[in-house]
Amino acid sequence: MKIALLGYGKMGKEIEKIALERGHEIVLKKTEENDYKGLEHAHVAIDFSIPTAAVQNITACLNHNVPVVSGTTGWMNDYDNMVTLCKEKNGAFLYGSNFSVGVNLFFELNSYLAKLMSKVKEYNVSMEEIHHTQKLDAPSGTAISLAKDIISETDYTGYTLENPSENEILIDAKRINEVPGTHSVFYKSAVDEIEIKHTAFSRQGFALGAVVAAEWIIGKKGVFGMKDVLNLHSV
């Protein structure tokens, strides 16, 4: 499989390493310094760039009829536009706020717990997310996904980084050197607290999931997520 890497930072290099180990070929390493030459030869593209580059990268892939897997966060205001373009081009587009298998199982656990807790009104929910200092967006895409899943199962209507109203989830976003990613969800009452937590030890889990998603999307048409890759819709 020939892969175009759109974004060649720490995650891009980790994805390259795993892709090569799995017998794939890298035909483009896109940075701010070069163009899309080589994209036309790719069987699939993997975008782990920056928020300001994601839309351009995904658009280029769809215009070149190259399936694209994106793990860049912080650009969700344009997500619907990319879905529309994908459908117009009859292309393939997969977005994930987090490609770790463990995190996607954590998403399912979070949704189930939120459904249970929606019936117990004396608990208030809050969240904490910790990432490395190079992460540009806050809260993280993973934290936003967790919050949205809670909102869909409860009376909460939004999330905020500070001064939450009664119906908002407080997300405490911390940036600490060399932390790949930690996400915690707390349900606290006057008498006790329930916590679920996912801690990443390295970027390897995210990179492996992205490569697996790229392998999975070959030959498919439509808009997908990691639920499709991991067949979690029936869970």
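Working only within segment 82-104, note down all residues that are at pLDDT 95 or above and not in a loop (DSSP other than H, G, I, E, B).
Met82, Val83, Thr84, Leu85, Cys86, Lys87, Glu88, Ala92, Phe93, Leu94, Tyr95
Considering only residues that are in contact with a Leu (Cβ under 9 Å, 6 or more places away or on another chain) and of a type in the set (Phe, Trp, Tyr), which ones fall in segment 1-56?
Selection gives Tyr36, Phe48.
How about segment 49-79: which of its residues are closer than 17 Å to Ala213 by Cα, part of a loop (DSSP other than H, G, I, E, B) and among the hydrophobic types (A, V, I, L, M, F, W, C)?
Val66
Could you please tell me which pairs satisfy a Cβ distance under 7 Å, a separation of 6+ or placement on different chains, a first residue in segment 90-114 that is more than 13 Å from Ser145 (Cβ to Cβ), and a second residue that is of a type in the set (Gly, Ala, Ser)?
Partner pairs satisfying both residue conditions: Ala92/Gly222; Leu94/Ala213; Leu94/Gly225; Val101/Gly205; Val101/Gly209; Gly102/Gly205.
If I filter segment 131-142 for residues that are part of a helix (DSSP H, G or I), under 22 Å from Gly225 (Cα atoms) and in contact with a helix residue (DSSP H, G or I) (Cβ under 9 Å, 6 or more places away or on another chain), do I get at least one hit?
Within segment 131-142, one or more residues are part of a helix (DSSP H, G or I), under 22 Å from Gly225 (Cα atoms) and in contact with a helix residue (DSSP H, G or I) (Cβ under 9 Å, 6 or more places away or on another chain).
Mind checking which pairs have a first residue in segment 196-211 that is over 19 Å from Leu5 (Cβ atoms) and free of Cβ contacts under 8 Å to residues at least 24 places away in the same chain and a second that is of a type outside the set (Gly, Ala, Ser) and outside any helix (DSSP H, G or I), Cβ under 6 Å, 6 or more apart or different chains?
Thr199/Thr182
Counting only residues that are open to solvent by 60 Å² or more (accessible area, probe 1.4 Å), closer than 18 Å to Tyr8 by Cα and in contact (Cβ under 8 Å) with a residue 24 or more places away in the chain, how many does segment 51-81 have?
Matching residues across segment 51-81 total 0.
Quick one: Ser145 ticks every box in (1) polar (S, T, N, Q); (2) in contact with an Asp or Glu (Cβ under 8 Å, 6 or more places away or on another chain); (3) closer than 30 Å to Asn90 by Cα except a single one, so which number is it?
Result: Ser145 passes all but (2).
Being on the phi < 0 side of the Ramachandran plot, surrounded by 19 or more Cβ atoms within 10 Å (Cβ to Cβ) and not aromatic (Phe, Trp, Tyr) is the requirement here; does Glu129 meet it?
yes
Search segment 153-211 for residues being in a strand (DSSP E or B) and among the β-branched types (Val, Ile, Thr), and hand back the single one that is surrounded by the most Cβ atoms within 10 Å (Cβ to Cβ).
Val185
Output the residues belonging to segment 131-157 that are under 14 Å from Phe186 (Cβ atoms) and either without any contact (Cβ under 8 Å) to a residue 12 or more places away in the chain or under 20 Å from the mean Cα position of the chain (by Cα) (or both).
Answer for segment 131-157, where residues must be under 14 Å from Phe186 (Cβ atoms) and either without any contact (Cβ under 8 Å) to a residue 12 or more places away in the chain or under 20 Å from the mean Cα position of the chain (by Cα) (or both): Ala143, Leu146, Ala147, Ile150.
The values are calculated or read from the model by the stated rules, or taken from the named source; none is laboratory data. A quick note: this is a predicted structure, and the numbers were derived from the prediction, not measured. When we count neighbours, we look across all protein chains shown, and the Cβ atoms used for this are built from the backbone with ideal geometry, even at glycine. All accessible areas refer to the heavy atoms of the entire protein, side chains included, with ligands and DNA or RNA removed. Shrake-Rupley method; radii C 1.70, N 1.55, O 1.52, S 1.80 Å.
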